[in-house]
Every structure is written in structure tokens, then in C-alpha cells.
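K.L.:
This is the structure, below, for whatever I ask next.
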Amino acid sequence: MKRCAKLFPLLLLLTFIACKKNSSVPVDAAATTTIRSGIRPLAALVTRTENFETGTKTAYTAADVTLSTGVWNLNDALIGNTTADKKNGTKSARVRNSGKLTMKFNLTAGASTVTISHAKYSTDANSTWQLWYSTNNGLSYTQTGATITTSSTTLQSTSFTVNIAGTIRFEIRKTDASANRINFDDISMVDFGSTGGGGGGGTGGTAKKFLFDATKAETAGNADWVIDQDASPQRIPTPLQSTITATTPETYWTGAISSWGIALVKAGHTVETLPVGTAITYGNISNPQDLSNYNVFVVDEPNIRFTAAEKTAILNFVNNGGGLFIISDHTISDRNNDGWDSPAIWNDLMTNNGAVTNPFGFSIDLTNITQLTANVLTGNATNPILHGSQGNVSQLDFHNGATLTMNPTANTTVQGLIWKTGAVQNNSNLMSASSTYGTGRVYVVTDSSPIDDGTGASGNTLFNGWATYSHIPLFMNASLWLAKLQ
């Protein structure tokens, strides 16, 4: 997350507390070419989701029930449809005591990730639970991931990295043995891909390459917007991502967005940093980190203005099929005191690129807000960013961020995703949106706090927003959508 943490220069005549975020990129004259060699053909993402909508079970007594994915055994559990049951739709599972939800069938293609929505039933107190798996038809089970505490009365999504090939089935176990009840819904299981990469099988069978920018003062002041800080962010994070396993903690790398990088590696993808002193180019075959070699380019709160050549490179990258992950911060968040902060830098890219005005169909407002919102796009339960393979998005938490304004006239594909609390879902007061440009995709969020994992270089003040609310499903879904995996 991001809170106020840095004093701004006296020349501003005011003292502002800023939230860590930053990003940047160099340029190359060859960026005007439009070759696109880095994006490979995509395999279909195979996801099975159990939403409990097709089954009926009104008693807690153990029994098998046929659901959309197959037969499950519900022990000290039932399928609830009351107003007190937390659900996405009309039904969800309700578990009490030491109850279990157990698959009586196997997934034959293994599993890369499992995402589960959960919430406290009615006004019950907190409860704990675990996810277990079996690779021998249910004869024995092994826990995967940590014990989870359900503490909200709103559905939250938790993702588990499994990365196991072959036959597998799952069991959800309530572990606190109390009479407090938990609702479970939308259990999404993604097949284990056949293509390896980093720490495991590629999601949906296709490993993608993500490039995180570090050329635009992403570490200036109190900012730490890199996946691996070291002394100075380097191209290849260390320890090597090939040594990452399903249980590797995010502290394996040092950076405020290392959790994000490690989560992508665990899902089978490759991550790199574009270091200070290197160039943002597109179509320059002499640059080993040319954007044409990557599927998604992530720029987290840039604090140095893009050059004309860099703007051309970024637009050509997206136009020819690349994914651009845009992260901004609030107005007056100039961390390196060069007169440019991230809202101004992103708006400059979209209004002063020498090619097209507002190519992505949105602009960043010069605002500064702090709020938790649940004003998520309604009437679109199939949106891949809000309801993708990594879970459902229900809330977004800002600690000093900006708002967005959409302009569908400039780009008819622009799509609002999350608005300020109480705002009408129109073209104003947005906190997150997406669009397409050419054959590429763009996702934008206007605060770096939700992506902050609370760890980074010594002396920086950081806050854990990554693991709160439904931030992990939001940003992992957006990452995979940009990579054309969903």
C-alpha cells in the first residue's frame, strides 16, 4: 500500500507527504519501426470454476452433491441461498465446525493455481481454513499454501500457487473447529500448463515475459517500485527465478513490488527489470531488452518524462500486440524534484506523442484521494480483469491516489472497471480502467499503494497493500489479460 512518506521540496512552498511509487524508461531512434517478434501464439487458458449455482443441499450432514464441475462431498456443510449467505450469484457453500468441501473427482491436467472466494456468514466471528490436495485419488492429502483467516463479511479472493502436473483433486478444510460459519464461492482451478518457466508450469500452457521498468526514477525518494532492489535494480533478479518454488516467500527478492514479480514466476512466467541507463526501444534488434522481446511492459509511477522516441516505442509496442500496465500516483508526487510527477507524465504521453491524441481513451485527473471502494463495474460478470482466473474483484483501496476520466470518443474500447465510492458508473471518478489500442491492450490503476507489498530497501517506509482486499486477483488478472492469457 502507499501512505504519506516523503517531504517534498521547499520550492513547492508546501510540505507534502507522498506515497512510494515510481517508474521510467530510456529511448532509441529505431523505436519507430513496427516489427513485433516477442509475442508468441497463445494457448487457451483452461479454468474450471465451481460456483455452487447448480447444486442443492440444505442440511449439514455429510453427503455427496452433483455440481457443475463434478461430484463434491460436503461434510458439516451445505449450499446456502439466504440473505445472510455471502455469494456471487444466488448460492454459495456454507461450512461450520471442522467442515470440509471435498472433490470426489480428479483434474487430469494438474493445476497451476486455485483461487477461492470466501467471507464470514452473517455476523459470525472470524474463522480459519486451509486448502489441501491429493494426487492419489483422495487416499492422502497435502496442504498447499498458508492457513487463511476469513475476517470480512464481503467476499474476498485468495489465490494458491500449486504448479502440480498430472491427476489432482482438492479439499477445503475449516480448521478452527468453532461454530462460526464461512461462505465459499467461485472456486477457480487453472490447469497446469505444459510449458515450463521460472518456478513451474506456464499458466494456460504459455509462458509470458514481463518487463518492469526502472529507468524513470522508480526508486527516487521513498519510492521502491521495483521487483528486486539489490544495490541498484538489475536486469535479472537474484536469487535466480529458476530457484523459486511454490513456497518461496516474496522476501526472496527485495522490492516493494517483489510479491507481484514472484507471483508471476510461480505462475510460470519470466520477469525482468529494465535498469537505469538502458533504453526503451521498439524494433531495435541491437537492444537485448527491446520491447519486441516482451509480452507486457510494466511502468509503476514514472517520475521522469518519456522522451519523444520512448513515446513512439511504447505506442508501437502496444499497437503491435503488446500489453502496457500503467500505474500512476496522486498529483504533486514528484519524487525526484524534476518538475514532473506521474499523472503529468502519463498525460504527456497521451497528449504529446506526435501521433494520436489520447490513444488509450483516458486521462489522469490532478487529484489526491484516499478511500476504500467497492464500486466495481456491475452487470458484467465475465469481465476477465474483474472476474478472471485469479478470482473476483470486490474492493480497491487507495492511499493518496488520483482519479481517471474516460473519453470513449477518443477510443471506443475504453472500459471503466472501478469507481470512487458513491460515484455513478460513467466516464468520471474512476480509479481503474482498461482499453485496447491496435492489437495490444492497456490497463491503468491510479495509485501504487495497492501494489506495494510492504518490503523494500532499508530506510523506505512501505505498507502492505498487495495482500489486502482483492488486490491480488485484480492485478494478477490484469497481468494475464495484458499477456492475452484471458
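K.L.:
Does any residue of the stretch 256-271 turn out to be under 18 Å from the mean Cα position of the chain (by Cα), within 17 Å of residue 216 (Cβ to Cβ) and buried (at least 24 other Cβ atoms within 10 Å of the Cβ)?
P.N.:
Checked the stretch 256-271: at least one residue is under 18 Å from the mean Cα position of the chain (by Cα), within 17 Å of residue 216 (Cβ to Cβ) and buried (at least 24 other Cβ atoms within 10 Å of the Cβ).
K.L.:
Do we have any residue at all in the stretch 434-443 that's farther than 24 Å from residue 316 by Cα and touching a Pro at 6+ places or on another chain (Cβ under 7 Å)? Break it down stepwise before answering.
P.N.:
Just the residues of the stretch 434-443 that are farther than 24 Å from residue 316 by Cα, to begin with: none.
The answer is no; no qualifying residue exists.
K.L.:
Just to be sure, is residue 355 over 16 Å from residue 326 (Cβ atoms), hydrophobic (A, V, I, L, M, F, W, C) and in contact with a helix residue (DSSP H, G or I) (Cβ under 8 Å, 6 or more places away or on another chain)?
P.N.:
Taking the combined requirement at face value, the residue satisfies it.
K.L.:
Here's a follow-up. Quick one: in the stretch 246-255, which of the residues that are in a loop (DSSP other than H, G, I, E, B) and in contact (Cβ under 8 Å) with a residue 60 or more places away in the chain is surrounded by the most Cβ atoms within 10 Å (Cβ to Cβ)?
P.N.:
If we filter the stretch 246-255 for residues that are in a loop (DSSP other than H, G, I, E, B), which is where we start, we get 246-249, 253-255.
Then drop every residue that is not in contact (Cβ under 8 Å) with a residue 60 or more places away in the chain, which leaves 246, 254-255.
Values: 246: 16, 254: 20, 255: 29.
Here the residue is 255.
K.L.:
Name the single residue that is surrounded by the fewest Cβ atoms within 10 Å (Cβ to Cβ) among those in the stretch 387-420 being closer than 30 Å to residue 50 by Cα and among the hydroxyl-bearing types (Ser, Thr, Tyr).
P.N.:
394
K.L.:
Does the stretch 374-386 contain any residue that is buried (at least 21 other Cβ atoms within 10 Å of the Cβ), under 30 Å from residue 316 (Cα atoms), touching a Leu at 6+ places or on another chain (Cβ under 9 Å) and assigned by TED's automatic domain parsing to the domain that holds residue 466?
P.N.:
Checking the stretch 374-386: at least one residue is buried (at least 21 other Cβ atoms within 10 Å of the Cβ), under 30 Å from residue 316 (Cα atoms), touching a Leu at 6+ places or on another chain (Cβ under 9 Å) and assigned by TED's automatic domain parsing to the domain that holds residue 466.
K.L.:
Which condition number does residue 423 fail, the rest of (1) small (Gly, Ala, Ser); (2) within 30 Å of residue 89 (Cα to Cα); (3) not in a loop (DSSP other than H, G, I, E, B) being met?
P.N.:
Looking at each condition in turn, residue 423 falls short on (3).
K.L.:
Sticking with this one: Quick check: is even one residue across the stretch 98-109 polar (S, T, N, Q), surrounded by 15 or more Cβ atoms within 10 Å (Cβ to Cβ) and within 21 Å of residue 53 (Cβ to Cβ)?
P.N.:
Checking the stretch 98-109: at least one residue is polar (S, T, N, Q), surrounded by 15 or more Cβ atoms within 10 Å (Cβ to Cβ) and within 21 Å of residue 53 (Cβ to Cβ).
K.L.:
Another question about this same structure. If the requirement is being surrounded by fewer than 22 Cβ atoms within 10 Å (Cβ to Cβ), touching a residue at least 60 places away in the same chain (Cβ under 8 Å) and not assigned by TED's automatic domain parsing to the domain that holds residue 269, which of these qualifies: 142, 161, 154, 135? Before you say what the answer is, go through the steps one by one.
P.N.:
Numbers: 142 fails: touching a residue at least 60 places away in the same chain (Cβ under 8 Å); 161 fails: surrounded by fewer than 22 Cβ atoms within 10 Å (Cβ to Cβ); 135 fails: touching a residue at least 60 places away in the same chain (Cβ under 8 Å).
Matching residue, one of 142, 161, 154, 135: 154.
The values are calculated or read from the model by the stated rules, or taken from the named source; none is laboratory data. All values reported here derive from a predicted model rather than from experimental measurement. So basically every Cβ, Gly included, is an ideal-geometry build from the backbone, and we count neighbours across all protein chains shown.
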